[in-house]
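Enquirer: Below: one structure in structure tokens.
Every number here is computed from the coordinates shown, using simple stated rules; none is lab data. This is a predicted model, so every value here is computed, not measured. Neighbour counts are summed over all protein chains in view; Cβ atoms, including those assigned to glycine, are modelled from backbone coordinates with ideal geometry.
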Amino acid sequence: MAKYVFPAIFTPEENGAYSVRFPDVPGCYTSGESLPEAIEMAEDALCLLLYDMEESGEALPIPSDISTVSKDSQEFVTLIACDTLEYRKLYDNKAVKKTLSIPAWLNTMAEKQGVNFSQVLQTGLKQAIHIDENSPL
């Protein structure tokens with residue numbers, strides 16, 4: 001889970017739309033009806049594919065230097081960034097039930113003080129894996 005930047009090749013279409021492909025990321029293609037939409041779709045497609053690769057344990061591709069990417073005369077190359085941690089938070093935010101054990105005395109004291117066990121566990125996990133406490137999960 002990290003932040004990534006990959007070069008993308010944008011191809012203008014006759015109707016004002018754009019096709020987008022990532023030369024370093026096999027199977028990563030998208031398009032948009034306008035340039036802003038194509039950029040947004042490119043960010044989403046890149047994040048989804050890299051997220052899937054992370055989840056399946058695949059080695060992630062190494063991005064090319066933007067100056068070495070080949071393109072046709074009507075195409076242009078730009079960098080597209082994505083953050084798979086933010087993507088994960090946005091799209092994989094369902095609650096998961098966990099069973100755990102704590103000493104009875106600790107449970108009793110925490111319940112008397114109205115401690116939210118789920119919140120305490122989330123806070124502790126975020127600290128353990130170095131995620132900003134204010135980041136929603």
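Enquirer: Going by alpha carbons, how many degrees (0 to 90, nearest 10) lie between the helix axis of 35-56 and the longest principal axis of the chain?
Expert: Roughly 50 degrees, rounded to the nearest 10.
Enquirer: Using a ≥ b ≥ c from the Cα gyration tensor of the stretch 1-78 (square roots of the eigenvalues), is it rounded, prolate or oblate, where a/c under 1.5 gives rounded and otherwise the larger of a/b and b/c decides, a/b for prolate? Intermediate values should be presented prior to the final figure.
Expert: Numbers: a/c = 2.52, a/b = 1.54, b/c = 1.64.
The shape class here is oblate.
Enquirer: For the chain, compute the orientation-averaged projected area of the C-alpha convex hull (one quarter of its surface), in nm².
Expert: Numbers: hull surface 44.9 nm².
Quarter of the Cα hull surface area: 11.2 nm².
Enquirer: Roughly how many Å is it from the Cα centre of the stretch 86-137 to that of the stretch 8-79, as a whole number?
Expert: 36
Enquirer: Let me ask you something else. For a quick check of your reading of the filter: which GluC sites (Glu not before Pro) in the stretch 43-114 sit in a DSSP loop and have no more than 12 other Cβ atoms within 10 Å?
Expert: Glu58
Enquirer: Work out how far the C-alpha atoms of the stretch 40-101 reach from end to end along every principal axis, then list the three figures in whole Å, largest first.
Expert: So the extents along the principal axes, rounded to whole Å, are 62, 24, 13.
Enquirer: Quick one: how many lysine pairs in the chain have C-alpha atoms under 29 angstrom apart, if they're 8 or more apart or on different chains?
Expert: 16
Enquirer: No partner Cβ under 4.7 angstrom, meaning no disulfide-compatible partner by this rule: which Cys of the chain qualify?
Expert: Cys with no partner Cβ under 4.7 Å: Cys28.
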